[in-house]
1. Sort out which residues of segment 281-333 are charged (D, E, K, R) and within 20 Å of Ala361 (Cβ to Cβ), and write them in order of number.
2. Considering each residue of segment 326-348, count those that are more than 16 Å from the ligand (Cβ to nearest atom), surrounded by fewer than 24 Cβ atoms within 10 Å (Cβ to Cβ) and either at pLDDT below 90 or not assigned by TED's automatic domain parsing to the domain that holds Thr309 (or both), and give that number.
3. Quick one: how many residues across segment 301-324 are loosely packed, with under 15 Cβ neighbours inside 10 Å and touching a residue at least 24 places away in the same chain (Cβ under 8 Å)?
4. Tell me, please, whether a residue that is more than 16 Å from the ligand (Cβ to nearest atom), out of contact with any Asp or Glu (no Cβ under 6 Å at 6 or more places or on another chain) and not charged (D, E, K, R) can be found in segment 353-364.
5. When the residues of segment 20-57 are filtered to those that are basic (Lys, Arg) and within 20 Å of Leu101 (Cα to Cα), which remaining residue is farthest from the ligand (Cβ to nearest atom)?
6. How many residues are under 21 Å from Ala37 (Cβ atoms) and either among the polar types (S, T, N, Q) or surrounded by 21 or more Cβ atoms within 10 Å (Cβ to Cβ) (or both) when one looks only at segment 172-201?
7. Does Gly20 qualify as being within 21 Å of Ala108 (Cα to Cα), surrounded by fewer than 23 Cβ atoms within 10 Å (Cβ to Cβ) and in the same structural domain as Ala127 (by TED's automatic domain parsing)?
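The values are calculated or read from the model by the stated rules, or taken from the named source; none is laboratory data. Quick caveat: nothing in here was measured; it's all calculated off a predicted structure. Every residue, glycine as well, gets a Cβ built from its backbone with ideal geometry; the counts of neighbours run over all protein chains shown.
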Amino acid sequence: MTFEALGLNTSLIKALVDAGYTKPTPVQEQAVPAAIAGKDLLVSSQTGSGKTAAFMLPSLHRLAEMEPTAAAKTANQEMQAARARGERPRFKAAQPKMLVLTPTRELALQVTTNTDKYSVNLRRLKAVSILGGMPYPKQMQLLAKNPEILVATPGRLIDHMESGKIDFSQLEILVLDEADRMLDMGFIDDIEKIVDATPSTRQTMLFSATLDGVVGNMARRITKDPQIIQVVSAANKHENITQRVHFVDDLSHKNRLLDHLLRDESLDQAVVFTATKRDADTIADRLNIAGFSAAALHGDMHQGARNRTLDSLRRGQVKILIATDVAARGIDVPTITHVFNYDLPKFPEDYVHRIGRTGRAGRDGLAISLVNHAEGMNVKRIERFTKQLIPVNVIEGYEPKKTASAARSTSRPGGWKPGDNRTGAKPGQRTFSKPGAPRKEGATTGGGYKGSNPRSTDGARRSYGDR
Ligand code: AMP
């Protein structure tokens, strides 16, 4: 399948060639033609599947074909005439044609950056991000340019809507990106309010890891005769990411092991996830003292500082990022080879999002969870959610006092039998072992989970946040 066969215009295809995209991903193959035809879409997909291009390419294609509305033309002419008279043009509410709602600022910026890349040959189409934490005058400046495409987090957008800075009466396309996540974060009322302010004739595309429960209910309410697309690709299942659990006895064992693992020669860049902002700062400080170039990323940092840290990560100046869940969502840096769970996430779906920070753009990745013996149940929940067993690993010199099999058997009736020896590494797969570093694979059971996906979508998980 080629991008041409999907029906995209030549300006877009040229931009994709320049971006190094050779062929569409599975989600793009299905979503692009349907979206070009103007259909509503409900897409179950994960980050890393190419979902941004799946909604942005057909939208840019459609927007490029639309004539600017008479109202937009008049507004532009009035603005130019006022400038020619040396007057300050009167502020007119922005009238975007497309709105993308995302759960976090980082994801919004990522979407905007990708949009700029795809629309480089479509000069008329501008995309801007409207985000919490961005200075107000800067946002007013962006809105005054009346951009065709707004990418926004729900909270800040509501502020602008309510103060009359944005008028959605001309909106043609609405995208909800990572809708399940927005609901988890408690944005449902904001989303409903925003959707109500848009014309019912709009095209709606909703992307979400799951389409069950509350997300499914909302999806059905806001779409018309949607095409449902569920893509189970290797990237969705993270088959290119080797996963491991290391059991630890206490904090000092955990820190020693982390330092050892961070010195792995195959490590280019890593993200270390912590449960709290304070831990992120403390570990970043400790690692810097130990000689790593490390930086923290969390929700207490100002947007400017967060952007600078992400830029340093992209440029390779920061090698190890210590992050909380919300702050790290959407990070797309292909040179991240390792993800560490210093603390296990509270919800299994966060585990999937975390490990997806590595193994990007077709590369392999390694995801290592450092787990206290008492957390065996949490590992089991993750395994049930992903329907994959995570092999236990032991490194000589860093063995836990309790054996892995003993620890696992506390969480699983029957336990892992020594000798099962499942390593999880596939034939020919890069194993990330440090040359010369002895390693004993731990003992795990074979088989897999056949149980139903236990993900709760009851919307009651508002406690989730950037802790
Ligand atoms: P996303 O799922 O939107 O977060 O995209 C994941 C990564 O894949 C991003 O770095 C995209 O730039 C990249 N990508 C998206 N579509 C393609 C494609 N067709 N070929 C190669 N890379 C792609």
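1. In the first step, residues of segment 281-333 are kept if they are charged (D, E, K, R); the result is 281, 285-286, 300, 306, 308, 311, 314-315, 319, 325, 329, 332.
Asp311, Arg314, Arg315, Lys319, Arg329, Asp332, listed by residue number.
2. Count: 4.
3. Result for segment 301-324: 3.
4. Looking only at segment 353-364, we keep the residues that are more than 16 Å from the ligand (Cβ to nearest atom), and these are none.
No, because not a single residue in segment 353-364 is more than 16 Å from the ligand (Cβ to nearest atom), out of contact with any Asp or Glu (no Cβ under 6 Å at 6 or more places or on another chain) and not charged (D, E, K, R).
5. Ranking the candidates gives Lys39 first.
6. Total satisfying the criteria: 8.
7. So Gly20 fails the test.
The rows are residues; the columns are (1) under 23 Å from Met182 (Cα atoms); (2) part of a strand (DSSP E or B); (3) touching a residue at least 12 places away in the same chain (Cβ under 8 Å); (4) small (Gly, Ala, Ser).
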site	(1), (2), (3), (4)
Pro334	no, no, yes, no
Thr337	no, yes, yes, no
Asp350	yes, no, yes, no
Arg354	yes, no, yes, no
Thr358	yes, no, yes, no
Glu375	no, no, yes, no
